Amino acid sequence: MFDETDPLLARVRGIALALPEADEKVSHGRPAFFTQKVFVYFGGSQRIDGEWFAHDAAIMVQPDPDDGPALRQDPRFWVPGYLGPSGWLGLDLDGGTDWQEIAELIESSYRVTAPRRLVRALDAR
């Protein structure tokens, strides 16, 4: 479901694994970055009118609850199948991706899911 040599995956991997005690595993056929809980997936899918649509070059994150409503209004974001009801959002990646925005989304998701001690370690940097 993913290409290990994908340059977009490499960029996401570099951002995610730079966070305190972050690690990577394959979950449901996709790269997942986690501490005790997953904070970003590379790739995902969306269900529209009963049909599944793959988003192979995308991230799925759990946004800060204060940011979620605004992000849901942004047409670039989509609600992933399975994780959407838990507040997760997806965003496609391409050649025009704003990597600063991606880093901020990944860090925000990390802050929502990581143990407090790891968030404190991130803040201490």
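Bear in mind these aren't lab numbers, they're just calculated from the coordinates by the rules spelled out. Please read all numbers here as calculations on a predicted model, not as lab measurements. When we count neighbours, we look across all protein chains shown, and the Cβ atoms used for this are built from the backbone with ideal geometry, even at glycine.
Couplings 3J(HN,Hα) for the range 32-49, derived from phi with the Karplus relation 6.51 cos²θ - 1.76 cosθ + 1.60 (θ = phi - 60°), are 10, 10, 8, 10, 8, 10, 5, 10, 7, 10, 9, x, x, 8, 9, 9, 10, 6 Hz, where x marks Gly and Pro. Rounded to the nearest whole angstrom, the semi-axes of the ellipsoid equivalent to the range 7-112, taken from the Cα gyration tensor as √(5λ), stand at 19, 15, 14, largest first.
Here the peptides 99-108, 34-43 are ranked by packing, the mean other Cβ count within 10 Å, and the order with the highest first is 34-43, 99-108.
Please give the helix 7-17 orientation as an angle from the longest Cα principal axis of the chain, in degrees from 0 to 90, rounded to the nearest 10. Computed tilt is about 40 degrees.
Relative to the longest principal axis of the C-alpha atoms of the chain, give the angle of the C-alpha long axis of helix 99-113, reported between 0 and 90° and rounded to the nearest 10°. It is inclined by approximately 70 degrees.
For ASP3 and GLU21, compute 0.36 nm times the residue count separating them, minus their Cα-Cα distance, and round to one decimal in nm.
Numbers: separation 18, 0.36 × 18 = 6.48 nm, distance 2.43 nm.
Computed gain between ASP3 and GLU21 is 4.1 nm.
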